[in-house]
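S.K.: Sharing a structure below in structure tokens format, with a few things to ask.
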Amino acid sequence: MTAEQSARTGEVVIVTGGAKGIGLSYVEALAEAGYAVVVADRSDPEPTAQALASAGASALGMRVDVSDQEATEALAERVLDRYGRIDVLVNNAGYFSSIVKKGFDELTIEEWELAYRVNVIGSWLCTKAVVPAMKRQGGGKIINTSSMTVPSGVPGFLHYVTSKSAVVGYTRALARELGEWGITVNTISPDYIPHDPDYAGRQPEMAAAIAGQRCLKRDQTTADMVGTLLHLAGHGSDFVTGQDLWVNGGRLFH
Ligand SMILES: NC(=O)c1ccc[n+]([C@@H]2O[C@H](COP(=O)([O-])OP(=O)(O)OC[C@H]3O[C@@H](n4cnc5c(N)ncnc54)[C@H](O)[C@@H]3O)[C@@H](O)[C@H]2O)c1
């Protein structure tokens, strides 16, 4: 099956956190592959949605905080009003680049709660909102986002690493619950991608140190994530569920 065959034109995908970074590369690639793309972001998604539409795609921008249940329900309703179906949900939005690393005993309860509210509960809320439509349609694809900080155990942001560990277990248990409906649930784990100048500037030596540990000795880019995302969103992966796909240039293996 070619990449073109695996994406069905007219299928509808929601990408949370689609206005920036990895999510922006996802929405651009999905639009190019023929999906109708919903850019759901807490930041203004309109510039991204308009750029996709100007390039000829069917695109919808919605401002959504994924940790707000009413907002995630409104997201699903609006998408169903506009398109009548939801085929793929990409839970990409994350509490990540605004994190300032600190010791385990310096973290606040508020920081812990934010990591869980966005990275774990946010994924669950979006899932809860779209699954009824996927069940009616007889299938769907849910793609969650973890991180290579989980197998490497990076110090300095314990709340983040713990929340991303939770995403892996969440994916496996949810895959078991939704399999009978033909809905697959998988995780993608990116390695460090130094695309955000503020975050990268706070740890200037990290990208080179990580690149040196890879089989493929270079910085990872957001474009490096796209092939795996298209595979999991498309029908070539219909028998893949409960998995955690590592995209890391061969830094760690499992
Ligand atoms: N960049 C990396 O090195 C890296 C590595 C591993 C995993 N990840 C994960 O990949 C995902 C994307 O990473 P990124 O680097 O593109 O992040 P980013 O911080 O650059 O962008 C995240 C996007 O999500 C949006 N967002 C944040 N909180 C939100 C919320 N509550 N509701 C809706 N939208 C929200 C932001 O507005 C932003 O557009 C995240 O889940 C992150 O944890 C990133």
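The values are calculated or read from the model by the stated rules, or taken from the named source; none is laboratory data. As the structure is a prediction and not an experimental result, all values here were calculated from the model. Neighbour counts are summed over all protein chains in view; Cβ atoms, including those assigned to glycine, are modelled from backbone coordinates with ideal geometry.
S.K.: Could you grab me the full set of residues in the range 101-127 that are part of a loop (DSSP other than H, G, I, E, B) and either surrounded by 14 or more Cβ atoms within 10 Å (Cβ to Cβ) or of a type outside the set (A, V, I, L, M, F, W, C) (or both)?
M.R.: Listed by number, the residues that qualify are LYS101, LYS102, GLY103, ASP105, GLU106, LEU107, THR108.
S.K.: Is there a residue being within 14 Å of the chain's Cα centre (by Cα) and under 24 Å from SER123 (Cα atoms) anywhere in the range 213-223?
M.R.: Within the range 213-223, one or more residues are within 14 Å of the chain's Cα centre (by Cα) and under 24 Å from SER123 (Cα atoms).
S.K.: Moving on. Where residues in the range 134-183 are of a type in the set (S, T, N, Q) and either surrounded by fewer than 16 Cβ atoms within 10 Å (Cβ to Cβ) or part of a helix (DSSP H, G or I) (or both), which of them is farthest from the ligand (Cβ to nearest atom)?
M.R.: Checking each candidate, the answer is GLN137.
S.K.: Out of everything in the range 201-218 that is farther than 21 Å from THR162 by Cα and among the aliphatic types (A, V, I, L, M), what residue ends up being surrounded by the most Cβ atoms within 10 Å (Cβ to Cβ)?
M.R.: Per the stated criteria, the residue is ALA211.
S.K.: Right, something else. I'm trying to understand the selection: among the residues of the range 201-229, which are within 15 Å of THR149 (Cβ to Cβ) and within 10 Å of the ligand (Cβ to nearest atom)?
M.R.: Across the range 201-229, the qualifying residues are MET206, ALA207, ILE210, GLN220.
S.K.: Based on this model, can you work out whether LEU107 counts as under 16 Å from THR187 (Cβ atoms) and either among the basic types (Lys, Arg) or more than 10 Å from the ligand (Cβ to nearest atom) (or both)? Give the derivation first.
M.R.: Working: under 16 Å from THR187 (Cβ atoms): no; either among the basic types (Lys, Arg) or more than 10 Å from the ligand (Cβ to nearest atom) (or both): yes.
Considered against the rule, which asks whether it is under 16 Å from THR187 (Cβ atoms) and either among the basic types (Lys, Arg) or more than 10 Å from the ligand (Cβ to nearest atom) (or both), LEU107 comes out as no.
S.K.: I've got another one for you. Got a sec? Which of ALA19, ALA55, ALA36, ALA74 is within 26 Å of GLY138 (Cβ to Cβ) and in contact with a helix residue (DSSP H, G or I) (Cβ under 8 Å, 6 or more places away or on another chain)?
M.R.: Being within 26 Å of GLY138 (Cβ to Cβ) and in contact with a helix residue (DSSP H, G or I) (Cβ under 8 Å, 6 or more places away or on another chain) holds for just one of ALA19, ALA55, ALA36, ALA74, which is ALA36.
S.K.: Residue by residue through the range 198-234, note down the ones that are in contact with an Asp or Glu (Cβ under 7 Å, 6 or more places away or on another chain) and touching a residue at least 24 places away in the same chain (Cβ under 8 Å).
M.R.: Scanning the range 198-234 gives ILE210, ALA211, GLN220.
S.K.: Continuing with the same structure: Can you tell which of VAL79, VAL118, VAL13, VAL100 is near the ligand (Cβ under 10 Å from one of its atoms), at negative phi and β-branched (Val, Ile, Thr)?
M.R.: Step by step, each of VAL79, VAL118, VAL13, VAL100 is checked, and only VAL118 is near the ligand (Cβ under 10 Å from one of its atoms), at negative phi and β-branched (Val, Ile, Thr).
S.K.: Sticking with this one: When the range 82-97 is examined, which residues are found to be over 17 Å from LYS141 (Cα atoms) and away from the ligand (no atom under 15 Å from the Cβ)?
M.R.: Hit for the range 82-97 is ARG82, nothing else.
S.K.: For the range 191-254, which helices (runs of 4 or more DSSP H) that fit wholly inside it have 3 or more residues that are at pLDDT below 95 and closer than 23 Å to PRO155 by Cα? I'd like the intermediate steps shown before the answer.
M.R.: Working: elements: 197-202, 206-212, 226-233.
By residue number, 197-202.
S.K.: Taking only the range 38-73 into account, find how many residues are over 16 Å from VAL12 (Cβ atoms), surrounded by 24 or more Cβ atoms within 10 Å (Cβ to Cβ) and within 8 Å of the ligand (Cβ to nearest atom).
M.R.: 2
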